[in-house]
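Here is the structure we will look at, set down as structure tokens.
The values are calculated or read from the model by the stated rules, or taken from the named source; none is laboratory data. No experiment lies behind these values; they were computed from the predicted model shown. Neighbour counts run over all protein chains shown; Cβ positions are idealised from the backbone, glycine included. Areas reflect the complete protein model, heavy atoms only, side chains present, ligands, DNA and RNA absent. Shrake-Rupley method; radii C 1.70, N 1.55, O 1.52, S 1.80 Å.
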Amino acid sequence: MEERDTLYARWLSGDLSPAEMAELKASGEWEALQAIIEATDQLELPAMDLDDAFAKLKKNQGRSQANVRSLPVRWLAGIAAGLLMILFSWYLLSSGNQTIQAGLAANAGHQFKDGSKVILNDGSSIAFQDQNWEEERIVKLTGEAYFEVEPGIPFSVQSRQGRVEVLGTRFNVRSWGDRLQVECYEGQVQVVSGNASIRLGPFESALFGQGQLLDTLSIEHDRSLWEGTEGVSRFRNAPIAEVFQELGRQFDIDIQINTTLDFPFSGQFVHRNVETAVNQICRYKQELDCQYIADQGLLVVK
Amino acid sequence: MADDVCKEKVFKSIFYNYAEGMRNFLYYQSGNLAQAEDLVQEAFAKLWENCKKVPHEKAKSYLYTILRNKFLNEKAHEKVILKFEQRGHSERDGLTPEYLLEMEEFRNQLMQAIGNLPEKQRQVFLMSRMDKKKYAEIAEALGISVKAVEKRMHKALAALKKVHKKV
């Protein structure tokens with residue numbers, strides 16, 4: 001009754017016949033098996049925080065009543081003037097507060113009561129008071145969103161690092177870490193961050209960090225011409241360091257830059273796969289030598 | 001009924017009993033801890049939704065069935081990198097640096113080999129070695145026979161013992 005295909009398993013559970021055991025020892029396999037068991041015995045996974053997880057479960061149970069659902073947005077691409085966004089969202093109103101969240105791999109769009117529109121990028125969220133929208137148009141933003149604002153009372157976008165005020169215009173706001181970046185495509189926006197403040201006109205962009213104005217540039221690329229809903233980060237003449245930062249944020253990896261190369265990057269990387277994304281960036285310049293170490297979640301750039 | 005799963009106390013005790021095992025189960029399969037935690041949340045949310053229909057003694061198998069169904073369409077052939085922590089560095093004194101280095105090297109290669117195991121073997125191996133589950137328990141979680149578990153375990157050990165020869 002030799003069951004050779006379960007031999008090692010039964011060795012482990014102490015289920016071997018004396019003859020089988022003797023054979024294992026003689027062949028030297030016993031030693032090898034023993035070494036594996038000793039090595040793996042030392043390992044463990046981080047303990048799961050059950051209190052935390054249970055609390056999260058309870059919270060999500062409560063939330064399932066007030067659902068805000070939005071359908072993916074489809075763009076008509078490539079038409080310069082008269083570009084129309086067709087966007088539709090479907091939601092249940094709760095008590096006047098509204099939070100809209102874009103999960104990963106989906107862009108969420110929303111149209112406000114006055115016809116103003118917003119598109120959120122992956123992992124971003126906004127909150128606003130829908131009920132008194134005629135009196136006040138304030139949107140709190142975490143992450144990145146593109147806005148089209150109908151003329152009317154002041155429209156304000158607030159993020160951790162600063163706020164953007166507009167009267168009627170199209171613009172993109174990106175807020176992360178201690179940075180705030182605003183691009184204006186049409187109309188005018190006033191950006192205030194810390195003690196710094198700037199007014200942007202069409203195709204102007206400003207970057208703030210830690211409450212200071214870091215950079216202004218003119219942009220050639222109107223983000224409203226985004227195509228499709230696949231997660232992509234696009235850059236036009238962006239400093240290469242920023243591109244890597246965005247890569248790190250998108251895939252939640254660490255970036256180690258061992259070089260002083262500094263040049264503008266124009267291109268994009270996709271969000272679907274980190275190795276592809278790394279390639280898309282690193283083949284831009286020959287001098288860029290990138291090494292992605294998957295099991296450390298680390299990218300080394302030389 | 002004291003054992004009503006819809007009762008907060010009962011539901012909570014089910015959670016505290018099984019959530020970590022479920023998380024580990026998924027992690028061994030996918031190598032994605034965040035995803036594993038999310039799926040555990042989903043499974044319990046489903047259990048709550050159907051709490052009227054699931055008797056207390058069936059809760060565990062209900063939960064594991066949900067987890068198994070989640071992975072039916074997932075890519076099973078990806079290489080997986082797993083991160084584990086090292087428990088206590090006891091008994092290090094008296095060991096030569098060369099030996100310690102060898103041990104380190106061996107461990108690294110072993111980790112890689114575990115990651116390279118086919119998903120089914122890896123899962124059984126880790127449930128046995130990390131969660132200290134008996135074959136009968138593993139069989140129940142996976143919905144297969146004990147013999148099938150033993151076969152997978154045997155294959156896993158056969159593959160892993162090759163690492164030893166290298167060092």
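Could you compute the FRET efficiency for B:LYS70 and B:LYS147, with r as their C-beta to C-beta distance and R0 at 22 Å, rounded to 0.05? Calculated transfer efficiency: 0.30. Put simply, the Cα atoms of the range A:169-215 extend 26, 18, 14 Å along their principal axes, the longest span coming first.
Among B:GLU42, A:GLU183, B:GLU98, the order of accessible area from largest down is B:GLU98, B:GLU42, A:GLU183, computed with a 1.4 Å probe on protein heavy atoms. Average 1/r across all pairs of distinct alpha carbons in the range A:235-302, invert it, and you get the Kirkwood radius: 11.8 Å. For A:PHE203 and A:ASN60, a Förster radius of 56 Å and the Cβ-Cβ distance give a FRET efficiency of 0.85, rounded to the nearest 0.05. Within straight-line reach of A:LYS58, meaning a Cα separation under 13 Å, sit the following aspartates and glutamates at least 8 residues removed in sequence or on another chain: B:GLU8, B:GLU42, B:GLU49.
Just the accessible area per residue of the range A:146-189, please: how many Å² with a 1.4 Å probe? Please list the in-between numbers first.
Numbers: 1620 Å² over 44 residues.
Dividing the accessible area of the range A:146-189 by its residue count gives 37 Å².
Take every Cα pair under 8 Å whose residues are at least 6 apart in sequence, average their separation, divide by the length of the range A:114-198, and the relative contact order is 23 percent. With every protein chain in place and a 1.4 angstrom probe, the accessible-area ranking of B:MET22, B:MET130, largest first, reads B:MET130, B:MET22.
Please report, largest first and rounded to whole Å, the three semi-axes of the ellipsoid equivalent to the range A:1-42, where each semi-axis is the square root of five times an eigenvalue of the C-alpha gyration tensor.
19, 12, 8
Could you compute how much accessible area chains A and B hide from each other, both sides summed, with a 1.4 Å probe? Nearest 100 Å² is fine.
About 4100 Å² of accessible surface is lost on pairing.
Were the residues from A:SER27 through A:THR259 laid out at 0.36 nm apart, the gain over their Cα-Cα distance would be 78.2 nm. Across all Cα atoms of the range A:137-191, the radius of gyration (one decimal) and Dmax (whole number) stand at 10.1, 31 Å.
Note that the range B:96-167 carries a Kirkwood radius of 13.0 Å, evaluated over its alpha carbons pair by pair.
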